[in-house]
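J.: Sharing a structure here in structure tokens format.
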Amino acid sequence: MAISKIGYGAFPTGSVLQVVQATDTTDLTYSTTNTWADLGNLSQAITPKFSTSKILVSCQIGCIDHAANSYLVAFKYVRGSTTIGGAFDSGTGGSTGIRGRATGDVNAVYNCVLPQFLDSPSTTSATTYKVQYNNYNGGNFYYLRDAGTNESYIATLTLMEIAG
């Protein structure tokens, strides 16, 4: 379909209207247990152009290393103070998680990709998205760092406004 003139607001459904990204390179060690908390600097604001827009949220974490086997770290998306991206039993579930290796090396080094989620914030006000973690069972876990080699990695949180 040819469009001879596009005015602001005349974007076809599914058009990408804007993309913003938070990049984090600060490696951290976490030891907190059974509490949801913000992960590093993975926080990004976006101001939707239309209240009907959707926001595609995606996150990639270059490295998570856990100090002990059988330990779980879960991750989730939050818009403002509201968990998004799935059904969470009693607020304890996550979008994805990593677990220490069951055998062999007790350090479990993983990259982590959270599932993409298409959110409907229904606003044209600035809206902040972030990633949170919950370190079940305790033990240190290392964000953006391989504890064995001290090599550092990168994480990104990307938000894309999609015309609704």
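J.: When you scan the range 105-164 for strands (runs of 3 or more DSSP E) that lie fully inside it, which ones turn up with 3 or more residues that are surrounded by fewer than 21 Cβ atoms within 10 Å (Cβ to Cβ) and under 17 Å from the mean Cα position of the chain (by Cα)?
T.: Hits in the range 105-164: 108-119, 127-135, 155-162.
J.: Filter the range 122-142 for residues that are touching a Leu at 6+ places or on another chain (Cβ under 7 Å) and at pLDDT below 90; which is nearest to Val57 (Cα to Cα)? Show your work before the answer.
T.: So in the range 122-142, the residues touching a Leu at 6+ places or on another chain (Cβ under 7 Å) come out as 129-133, 136-137.
Right, trim to at pLDDT below 90 and you get 133, 136-137.
Values: Tyr133: 16, Tyr136: 24, Asn137: 28 Å.
So, considering only residues that are touching a Leu at 6+ places or on another chain (Cβ under 7 Å) and at pLDDT below 90, the one nearest to Val57 (Cα to Cα) is Tyr133.
J.: Considering only the range 25-35, state which residues are surrounded by 12 or more Cβ atoms within 10 Å (Cβ to Cβ) and over 10 Å from Tyr143 (Cα atoms).
T.: Of everything in the range 25-35, those that are surrounded by 12 or more Cβ atoms within 10 Å (Cβ to Cβ) and over 10 Å from Tyr143 (Cα atoms) turn out to be Thr32, Thr33.
J.: Just give me the residues in the range 55-77 being surrounded by fewer than 20 Cβ atoms within 10 Å (Cβ to Cβ) and modelled with pLDDT of 90 or more, in sequence order.
T.: To start, the set of residues in the range 55-77 that are surrounded by fewer than 20 Cβ atoms within 10 Å (Cβ to Cβ) comprises 56, 58, 60, 67-70, 72, 74.
Selection gives Leu56, Ser58, Gln60.
J.: For the range 22-42, name all the residues that are over 13 Å from Ile61 (Cα atoms) and part of a strand (DSSP E or B). Even if it seems obvious, please write down each step before you answer.
T.: Our first condition is that a residue be over 13 Å from Ile61 (Cα atoms); within the range 22-42, this holds for 29-38.
Listed by number, the residues that qualify are Thr29, Tyr30, Ala37, Asp38.
J.: Going by the conditions given, is Val16 modelled with pLDDT of 95 or more and open to solvent by less than 50 Å² (accessible area, probe 1.4 Å)? Before the answer, list the steps.
T.: On the way: modelled with pLDDT of 95 or more: yes; open to solvent by less than 50 Å² (accessible area, probe 1.4 Å): no.
The answer is no for Val16.
The values are calculated or read from the model by the stated rules, or taken from the named source; none is laboratory data. The structure displayed is predicted, hence computed values, not measured ones. Heads up, the Cβs are rebuilt from the backbone with ideal geometry, glycines too, and the neighbour counts pull from every protein chain shown. We work out accessible area using only protein heavy atoms, side chains counted, and drop any ligands, DNA or RNA first. Shrake-Rupley method; radii C 1.70, N 1.55, O 1.52, S 1.80 Å.
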